[in-house]
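Take a look at the structure below.
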Amino acid sequence: MEINGTELIRFIEMIARDKGIDKDIVFKSLEDAMIVALRKRVENPDGLEVKVDRLNGNITAKETDFDGVTRDVKIEELGRIAAQTFKQIFVQKNREAERDNLFDKYSGHRREIRSGTIQRMEGPNYVVNLGDAEAFFPRKEQVPTESYNVGDRVRGLVLDVKKQGQKVKIILSRTHPDFVKKLFELEVPEVGERIIEIKAIVREPGYRSKVAVVSYDSKVDAVGACVGVRGSRIKGIIDELNNEKIDIIRWNESAEVLITNALKPARVDSITLDYDTRRARVVVPDDQLSLSIGKRGQNVRLAARLCKWDIDIVTVSQEKDWKQRTLAKFRMIEGIDEMLAESLFNSGFDSFADMSAAGPEALMKVPGVSLDIAANIIKHVSAHPDPAETINDVVHADGAQRRADNSFVEPGQELEEEPSEDGTTVSVAGDDTAILREKIFGKTSGSSGARG
């Protein structure tokens with residue numbers, strides 16, 4: 001087998017250029033392949049060494065036998081089987097090098113946006129040509145309201161990169177919240193420059209997103225900068241998301257303020273927070289109920305996930321009815337009139353169980369509660385361990401998340417593992433409000449909620 005060194009150098013340079021592999025790696029692949037091909041032609045395969053001159057392409061093969069004597073190995077007489085072995089090993093080594101090179105390149109592009117062309121369909125999945133690689137665009141990472149044809153351009157987030165055999169599997173996503181985050185970085189310079197930070201994003205892909213932002217420059221309004229003059233900046237993002245609705249929310253460390261902002265455009269009358277269970281009861285005006293729930297429950301569901309709080313929504317009328325029933329029970333206790341019942345309620349007591357657990361000392365801190373009245377209260381609640389009054393027809397959305405150590409995930413943070421999607425559950429009763437909920441959510445089973 002006659003080998004032309006100049007042609008060999010050109011061949012190696014061509015492979016390195018076409019495959020995007022470093023020349024030294026191709027040289028090393030050739031040397032390794034030659035060693036495998038020559039192993040059966042020498043006495044001591046472990047003592048075999050092949051070198052390719054990087055300048056002139058000359059190949060030298062030497063064997064050190066068991067006696068320590070080194071001699072040249074003729075490669076010109078390489079047989080057909082050995083030559084075939086050399087070819088297979090050389091191609092395999094270069095494919096591995098190409099895979100490793102591609103993996104290293106796209107591993108550095110995780111959570112970045114890349115554009116490509118739909119090359120073919122594989123069932124409900126697409127294969128996207130990125131130019132120098134193929135990406136897998138699975139059904140679960142596609143927006144339900146979008147569809148593509150072969151040849152269409154598509155932008156997606158590089159969600160994951162992993163080695164699979166001799167190939168690299170690049171997974172694209174258009175449903176991940178980070179896709180929206182990267183679009184904001186591209187369209188809003190202040191986000192890219194970290195003047196404005198996106199603290200949290202939640203999505204129902206294709207329908208609605210909520211984005212919480214904060215500005216670290218007092219001269220820059222976070223919401224206004226993201227929207228742009230006459231909506232110029234947000235329009236580019238909405239166009240890319242095919243008219244997905246985006247709510248931009250002002251971030252706040254206060255859970256009460258954050259929940260209020262997250263439920264916009266609905267107005268909130270009051271909020272009661274239970275930090276032990278991470279549950280918030282939000283009272284809204286009667287005419288704001290439908291707006292606070294949102295179409296198919298999207299508004300309250302996304303707000304709960306954004307704030308990492310379970311949210312119960314009740315109307316002012318429901319709250320008023322519940323309070324009246326609770327105060328009526330308090331007035332049954334000897335020595336408690338309407339004013340004192342109101343004072344106990346406003347101090348945080350909303351059930352006999354609360355009073356029993358608090359004890360007389362805590363009750364006596366309430367204005368108007370003397371030692372005798374506190375004793376009467378304890379005697380009555382011990383004899384009548386009635387459960388707390390409940391608010392029927394509560395709209396509930398799960399949002400609180402717990403870690404493995406049973407601590408809560410704070411707003412703006414994420415679980416180490418991706419949490420599952422929580423649906424919205426709604427309790428209904430036989431009134432006009434229940435009919436409204438049924439129209440929005442469909443039929444659901446009844447439940448009730450107590451004061452947080």
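Odds and ends about this structure:
- Residue in the range 272-282 that is under 24 Å from the mean Cα position of the chain (by Cα), charged (D, E, K, R) and either within 28 Å of Glu410 (Cβ to Cβ) or surrounded by fewer than 16 Cβ atoms within 10 Å (Cβ to Cβ) (or both) present: yes
- For the range 386-412, the set of residues classified as part of a strand (DSSP E or B) and in contact (Cβ under 8 Å) with a residue 12 or more places away in the chain consists of Ile391, Asn392, Val395, His396, Ala397, Phe408, listed by residue number.
- Matching option when the condition is touching a Phe, Trp or Tyr at 6+ places or on another chain (Cβ under 9 Å) and surrounded by fewer than 19 Cβ atoms within 10 Å (Cβ to Cβ), among Lys167, Lys163, Lys235: Lys163
- Every listed requirement among (1) of a type in the set (A, V, I, L, M); (2) within 21 Å of Ile238 (Cβ to Cβ); (3) part of a loop (DSSP other than H, G, I, E, B) is met by Val150 save one, (2).
- Residues within the range 153-188 that are more than 13 Å from the chain's Cα centre (by Cα), without any contact (Cβ under 8 Å) to a residue 60 or more places away in the chain and assigned to a loop (DSSP other than H, G, I, E, B), tallied: 2
- Checked against (1) of a type in the set (A, V, I, L, M, F, W, C); (2) buried (at least 21 other Cβ atoms within 10 Å of the Cβ); (3) in the same structural domain as Asp274 (by TED's automatic domain parsing), Val191 passes all but condition (3).
- For Glu96, the conditions (1) without any contact (Cβ under 8 Å) to a residue 60 or more places away in the chain; (2) surrounded by 14 or more Cβ atoms within 10 Å (Cβ to Cβ); (3) of a type in the set (Asp, Glu); (4) assigned to a helix (DSSP H, G or I) are fulfilled apart from (1).
- Selection status of Arg111, farther than 21 Å from Lys167 by Cβ and either modelled with pLDDT under 75 or touching a Ser or Thr at 6+ places or on another chain (Cβ under 7 Å) (or both): no
- Count of residues meeting criterion [touching a residue at least 24 places away in the same chain (Cβ under 8 Å) and under 42 Å from the mean Cα position of the chain (by Cα)] in the range 340-358: 4
- Subset of the range 248-277 [part of a strand (DSSP E or B), more than 30 Å from Asn406 (Cα to Cα) and either aromatic (Phe, Trp, Tyr) or touching a residue at least 40 places away in the same chain (Cβ under 8 Å) (or both)]: none
- Criterion violated by Ile75 - all others in (1) at pLDDT 80 or above; (2) of a type outside the set (Ser, Thr, Tyr); (3) not in a helix (DSSP H, G or I) satisfied: (1)
- Condition met for Val191 (assigned to a helix (DSSP H, G or I) and either modelled with pLDDT under 95 or closer than 22 Å to Arg110 by Cα (or both)): yes
- Residue satisfying all of: in the range 34-77; in contact with a helix residue (DSSP H, G or I) (Cβ under 7 Å, 6 or more places away or on another chain), among the small types (Gly, Ala, Ser) and farther than 18 Å from Glu7 by Cα; surrounded by the fewest Cβ atoms within 10 Å (Cβ to Cβ) among these: Ala61
- Number of the exception - Met14 against (1) surrounded by 16 or more Cβ atoms within 10 Å (Cβ to Cβ); (2) of a type outside the set (Lys, Arg); (3) assigned to a helix (DSSP H, G or I): (1)
The values are calculated or read from the model by the stated rules, or taken from the named source; none is laboratory data. In this text the structure is predicted, and so the values were computed from the model without any measurement. Cβ sites come from the backbone with ideal geometry, for glycine too, and all protein chains shown count toward neighbours.
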